[in-house]
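Undergrad: My structure is below; once you've seen it, I'll send some questions.
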Amino acid sequence: MEEGTWRASKHSLPIARADVPLSVRTRVWRYLSLPENTRVYLWQRVISFGMGGPLEDFERELLALLPRLRRFARSLTRDEAEADDLCQVAIERALKRRAQHRPDARLDSWIFTIARNSWLDEVRSRQRRSMHLTSSDDLDDDASVATSMDPVTGMSLHQAMNALPLDQREAVALVWVEGLSYREASDILEIPVGTLTSRLARARQKLIMTLEAL
């Protein structure tokens, strides 16, 4: 399967390509195969266990971020299977581009950027494939893709966050969930800090209104 090919079926992804080290492939597959409620607790064992051979330092540091990467991917895709797919696409691309990562740069910010760009690439690809079914007026803004939902009633906080527009959702995920600074998050999103602050303010207001209505 070529890089960038997208399949929303769990575990059948580009990470299975032979040019991704077996030591990485087996650990990623093992992590995504774990029950949701045990992933965080068992992940360090998965990394340290000798499945597929030893890891290089870069690979070990990258895989240590997989729980956070998967959480961020879930905030982007709003779908468990697609989040798993996105994680594997991002890991594959990071491995191929490891030479581009500066030792003095944060690895989490770098892999989050790769994941976000990969998702936007997929969104645009799906838009092009569906243009014959969708009016052009519906495709003007990438950040608004897949953001319409039924009116919010009885939502949990997670569901309320999922109801946010993509631009607000990814801002919330990076700053409030992953703990990145405003500067780091704005660099990933390629927007000014002021724009990020505005998105977070709008997201906070919508979340408060949603939760108060419960």
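Undergrad: Using the number of other C-beta atoms within 10 angstrom as an exposure proxy, rank 209, 161 with the fewest first.
TA: Placing the least packed residue first, the sequence is 209, 161.
Undergrad: May I pose another question? Exposure proxy check: 91, 111 ranked by fewest other beta carbons within 10 Å?
TA: Ordered by Cβ neighbours within 10 Å, fewest first: 111, 91.
Undergrad: So how do 74-80, 194-200 stack up, highest first, on mean other-Cβ count within 10 Å?
TA: 74-80, 194-200
Undergrad: To continue, here is another question. Obtain the nm distance between the two label points defined at residue 80 and residue 209 by a simple spin-label model: each point lies 7 Å from its Cα along the Cα-to-C-beta direction.
TA: 3.1 nm
Undergrad: Once the Cα gyration tensor of the stretch 147-214 is found, what semi-axes does its equivalent ellipsoid get, as square roots of 5 times the eigenvalues, in whole Å, sorted largest first?
TA: Listed largest to smallest, the semi-axes of the stretch 147-214 are 23, 11, 10 Å.
Undergrad: Only Cα pairs under 8 Å and at least 6 apart count here; give the relative contact order of the stretch 147-214 as a rounded whole percent. Spell out each step's value before the answer.
TA: On the way: 51 pairs, mean separation 28.5, N = 68.
Across the stretch 147-214, relative contact order equals 42 percent.
Undergrad: Output wanted: per-residue J couplings in Hz (rounded whole) for the stretch 24-33, from phi through Karplus 6.51 cos²θ - 1.76 cosθ + 1.60, θ = phi - 60°, x for Gly and Pro.
TA: Calculated HN-Hα couplings, in order: 7, 4, 5, 6, 5, 4, 5, 4, 6, 8 Hz.
Undergrad: Further question: Which of 176, 29, 119 has the fewest other C-beta atoms within 10 Å, and how do the rest follow up to the most?
TA: 176, 29, 119
Undergrad: Further question on the same structure: Pull out the extension gain between residue 97 and residue 127, defined as 0.36 nm times the separation in residues minus the alpha carbon to alpha carbon distance; nm, one decimal.
TA: Contour length minus Cα-Cα distance gives 8.1 nm.
Undergrad: What list of ³J(HN,Hα) values in whole Hz, one per residue of the stretch 57-69 in order, does the Karplus curve 6.51 cos²θ - 1.76 cosθ + 1.60 (θ = phi - 60°) give from phi, with Gly and Pro shown as x?
TA: Karplus-based 3J(HN,Hα) across the stretch 57-69 equals 4, 4, 5, 5, 5, 5, 5, 5, 8, 4, x, 5, 4 Hz.
Undergrad: Which GluC sites (Glu not before Pro) in the stretch 174-214 sit in a loop by DSSP (not H, G, I, E or B) and have at most 13 other Cβ atoms within 10 Å of their own Cβ?
TA: Sparse-neighbourhood loop GluC sites (Glu not before Pro): 190.
FYI, it's all coordinate maths here, none of it is from the lab. Just so it is clear, the model here is predicted, and its values are computed rather than measured. Here Cβ is always computed from backbone atoms with ideal geometry, including for glycine, and neighbour counts include all displayed protein chains.
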